[in-house]
1. Cα centroid distance between region 497-576 and region 128-204, in Å?
2. In square angstrom, what is the accessible area per residue of the chain with a 1.4 angstrom probe?
3. So for the pair Ala457, Asp561, with labels modelled 7 Å out along Cα→Cβ, what separation do we get in nm?
4. Students often get this wrong: which residues of region 310-324 have the backbone nitrogen under 19 Å from the point 7 angstrom along Cα-to-C-beta of Leu194?
5. For region 388-511, max minus min Cα coordinate along each principal axis, in Å, sorted largest first?
6. Using only Cα atoms, tell me the angle between helix 92-102 and the longest principal axis of the chain; keep it within 0 to 90° and round to the nearest 10.
7. Considering only DSSP beta bridges where both residues belong to the chain, give the percentage that are antiparallel (nearest 5).
8. If the viscosity is 1.306 mPa s and the temperature 10 °C, what translational diffusion coefficient in µm²/s does Stokes-Einstein give for the chain when Rh comes from Kirkwood over Cα pairs?
Amino acid sequence: VDLLVIMYYSGSVGIGESSSAAEPLVQEHKPQREILHKSNEVIEMDSEFNNKFDVTYPPRLLKSWRPAPVMPELDGQPGEMGKAVSIPTEQEIYMKEKFKLNQFNILASDMMSLNRSLPDVRLEGCKHKKHPAKLPTTSVVIVFHNEAWTTLLRTVWSIINRSPRALVEEIILVDDASERDYLGSKLEDYVKDLPVPVHVLRTGKRSGLIRARLLGAKHVKGSVITFLDAHCECTEGWLEPLLARVAQNRKTVVCPIIDVISDETFEYITASDLTWGGFNWKLNFRWYRVPQREMDRRDGDRTAPLRTPTMAGGLFSIDKKYFEELGTYDEGMDVWGGENLEMSFRVWQCGGILEISPCSHVGHVFRDKSPYSFPGGVAKVVNKNAARVAEVWMDEWKYFFYEMSPAARSVDLGDVSDRVKLRKDLKCRSFRWFLETVYPESPMPLDYYYLGEIRNADAGTCLDTMGRKSNENVGVSYCHGLGGNQVFAYTKRQQIMSDDNCLDASGNDRTVKLVRCHGLGGNQAWTYDDSTGSIHHISSGRCLSKPEIRDVTLPVLKRCDGSKGQHWVMKSKFKW
Ligand code: UD2
Ligand code: MN
């Protein structure tokens, strides 16, 4: 399980603005799915929560479509203006119990208005931006499985309250076979009186979010589809910047900045506008710092759309016809995962543009675990979806994924021939093009000599990350030949990488650490001599050696002496 770092700075999540290029390029932020909830028990809601219809707080905005940010009568209600909700101490045990239902604090959500107010979190420069006079209409598609009533309806109300009426054609709710009574006909009853057309579609049997979205997309009447998760809150001015970019170029797929709604308190926390989407060798989506290159392309204007290699997946607008031309989604993907990278690679490789509009902010409740079941098993599902992405879009870079997640080699990934054909028919570019042009900062190296285990000729053990995190020592252990923690790439930039970490040694320290790759050489530059097997650390002039004492699992840097303990074998697939 990787490190989960959320950096809080004065009310905002993300990375500081003063950091230089040499600092680590990562912000690991939820979504973070290595730990997934594996139980498939069906949890019944009790009626007290089923009946939360928010009757106490009348809908705020039935006549005018642009509410004042705070309605006086709601001042002092829990959560208004995006504030944290605190639960009375006597309810804490109950709160913890209920947390498991949704993997967020449902008590906090149920205490707030469905119409709660939020601060206008936009940069000043966003508030006065001119948009094209005629924007396309959009249908908002929200899929859900066992979503809580208040988070689902707050998502809907936030769209109603904070979007220009003329731009929202309809809201389409797709129920993916939820097992909760309150999501039955009661939902239709509730939404029929709302001031925007809201349609409820049902998949009938559990289809997974990808196929559920496809069902929703089929019924869209607007010219743009906007997808949202079922536990979001849209802020003032969220929609116009998304539609404006699609209107300017129909092949642009646009995401908002995804702010964080705390899963504990429902506090609205602004996310950084200095992060973009990447991915690691496991094919997990990850947030990383926007490189200077992209800041420069935008002339340093933080309100300008940001080109991003990948999207988180849940929240974006796309021209409906373009969505279809581009091959919608891969219907062979189940439950959760993979579709975000698949869509990202497809957009870029097939001639589109993927952007984050920093003027559009939508909050999302990020969770540590998934609350729902994964029919077929979490690992199988996630590996299958990722393997489909790798097989269709990633060319030889798929090996980074398979080496890192060896179990994916044996999953049945089904038939991908339709998707391969799609790639051909659309004349899409190669993954090399994507890495070279869109994502040169990728943790998957563009050019590398070797990918595999690194074995010590004397000790017979292999370099092993031991599952450790950044800034911890690399180890050695029994060579298991299964990849994962024993897979390293030796790159043409002289790095020895494992996922987004690089072997790094500094000063007089004899041990070797795993540190975020910075791409600047320095303490992360190594040369491998194929004939002697030495791994030479350039800045210190020393050589990587087997651990000095048996039973100790730390390799060390020593004066180069040509001994067998300094002989490392990179044995397979070496390409000089
Ligand atoms: C992120 C995305 C999510 C999706 C996912 C990868 C954001 C904010 N969220 O995970 O949209 O791209 O990565 O697949 O970018 N759902 C169903 N049926 C299922 C499972 C889920 O309808 O079988 C619904 C679920 O109720 C929710 C949506 O799909 O509304 C996304 O699921 P999630 O919230 O568990 O995903 P998340 O936010 O962790
Ligand atoms: Mn979500």
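The values are calculated or read from the model by the stated rules, or taken from the named source; none is laboratory data. This is a predicted model, so every value here is computed, not measured. Here Cβ is always computed from backbone atoms with ideal geometry, including for glycine, and neighbour counts include all displayed protein chains. Please note that ligands, DNA and RNA were not included when accessible areas were found on the heavy atoms of the full protein model with its side chains. Shrake-Rupley method; radii C 1.70, N 1.55, O 1.52, S 1.80 Å.
1. Centre-to-centre (Cα) distance: 55 Å.
2. On the way: 23320 Å² over 576 residues.
That works out to 40 Å² per residue.
3. 1.6
4. Residues passing the 19 Å test: 314-318.
5. If we take the Cα atoms of region 388-511, the spans are 55, 32, 24 Å.
6. 80
7. Roughly 65 percent of the DSSP beta bridges within the chain come out antiparallel.
8. It diffuses with D of about 63 µm²/s by this estimate.
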